[in-house]
Amino acid sequence: MTDDCLFCRIAAGTIPATIVHSDDEVVAFRDINPQAPTHVLVVPREHIVSAAELTPAQDHLWGRLLHVAQSIADDEGQTDAGYRLVTNVGRNGGQTVPHLHLHLLAGRRMTWPPG
Ligand code: AMP
Ligand code: ZN
């Protein structure tokens with residue numbers, strides 16, 4: 001937990017968010033500025049800056065983020081239609097919050113290439 005990190009504070013419950021999943025390792029909440037009908041952020045409780053910082057010892061955690069995203073997509077009835085999972089890394093990746101998060105975007109047809 002890092003006091004000045006927005007997502008650490010959301011995970012700790014000191015900043016409000018619409019939580020859709022919470023366990024001892026992973027928290028998921030609705031994006032405050034949704035880019036699709038379903039836009040959920042899936043984050044580890046542990047403060048990891050981005051996917052660029054993940055180590056092999058954290059393979060399990062990365063897998064957990066994916067499985068939580070998968071299960072939320074299922075709960076929201078989006079599995080058949082499909083969805084997009086994105087993690088932005090650093091400046092060129094468009095990352096604005098330096099705490100690893102997976103975007104789950106669903107409920108509309110996505111375009112490619114991304115902007
Ligand atoms: P990224 O640009 O990939 O770092 O994604 C950060 C995301 O966090 C953006 O989609 C923001 O809309 C979202 N966001 C920022 N502040 C909050 C907040 N307080 N609660 C929920 N989502 C937020
Ligand atoms: Zn953090």
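The table below gives the values:
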{"quantity": "Qualifying position, being within 13 Å of ligand 1 (Cβ to nearest atom) and within 24 Å of R109 (Cβ to Cβ), among A11, A36, A51", "calculated": "A36"}
{"quantity": "Matching residues, region 2-27, being within 14 Å of ligand 2 (Cβ to nearest atom), assigned to a loop (DSSP other than H, G, I, E, B) and free of Cβ contacts under 8 Å to residues at least 40 places away in the same chain", "calculated": "D3, D4, G13, T14, I15, A17, E25"}
{"quantity": "Residue within region 99-115 that is surrounded by fewer than 18 Cβ atoms within 10 Å (Cβ to Cβ), of a type in the set (A, V, I, L, M, F, W, C) and in contact with a Lys or Arg (Cβ under 8 Å, 6 or more places away or on another chain) present", "calculated": "yes"}
{"quantity": "Residue in region 28-45 that is nearest to ligand 2 (Cβ to nearest atom), counting only those that are assigned to a strand (DSSP E or B) and either of a type in the set (F, W, Y) or without any contact (Cβ under 8 Å) to a residue 40 or more places away in the chain (or both)", "calculated": "F29"}
{"quantity": "Positions within region 58-115 being out of contact with any strand residue (DSSP E or B) (no Cβ under 6 Å at 6 or more places or on another chain) and of a type in the set (V, I, T), in sequence order", "calculated": "T79, V89, T96, V97, T111"}
{"quantity": "Subset of region 79-105 (residues that are in a strand (DSSP E or B) and either in contact with a helix residue (DSSP H, G or I) (Cβ under 6 Å, 6 or more places away or on another chain) or near ligand 1 (Cβ under 9 Å from one of its atoms) (or both))", "calculated": "Y83, L85, V86, L102, H103, L104"}
{"quantity": "Check on E76, surrounded by 15 or more Cβ atoms within 10 Å (Cβ to Cβ), on the phi < 0 side of the Ramachandran plot and of a type in the set (D, E)", "calculated": "yes"}
{"quantity": "Any hit, region 56-78, residues being within 16 Å of ligand 2 (Cβ to nearest atom) and assigned to a loop (DSSP other than H, G, I, E, B)", "calculated": "no"}
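Yes/no matrix, rows are residues, columns are (1) at pLDDT 95 or above; (2) of a type in the set (D, E); (3) under 13 Å from the mean Cα position of the chain (by Cα); (4) farther than 16 Å from L85 by Cα:
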{"position": "I10", "(1), (2), (3), (4)": "yes, no, yes, yes"}
{"position": "T14", "(1), (2), (3), (4)": "yes, no, no, yes"}
{"position": "I19", "(1), (2), (3), (4)": "yes, no, yes, yes"}
{"position": "S22", "(1), (2), (3), (4)": "yes, no, yes, yes"}
{"position": "D31", "(1), (2), (3), (4)": "yes, yes, yes, no"}
{"position": "Q35", "(1), (2), (3), (4)": "yes, no, no, no"}
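The values are calculated or read from the model by the stated rules, or taken from the named source; none is laboratory data. Owing to the predicted nature of the structure, the values given are computational and were not obtained by experimental measurement. Using ideal geometry, Cβ is built from the backbone for each residue, glycine included, and neighbour counts are taken over all protein chains shown.
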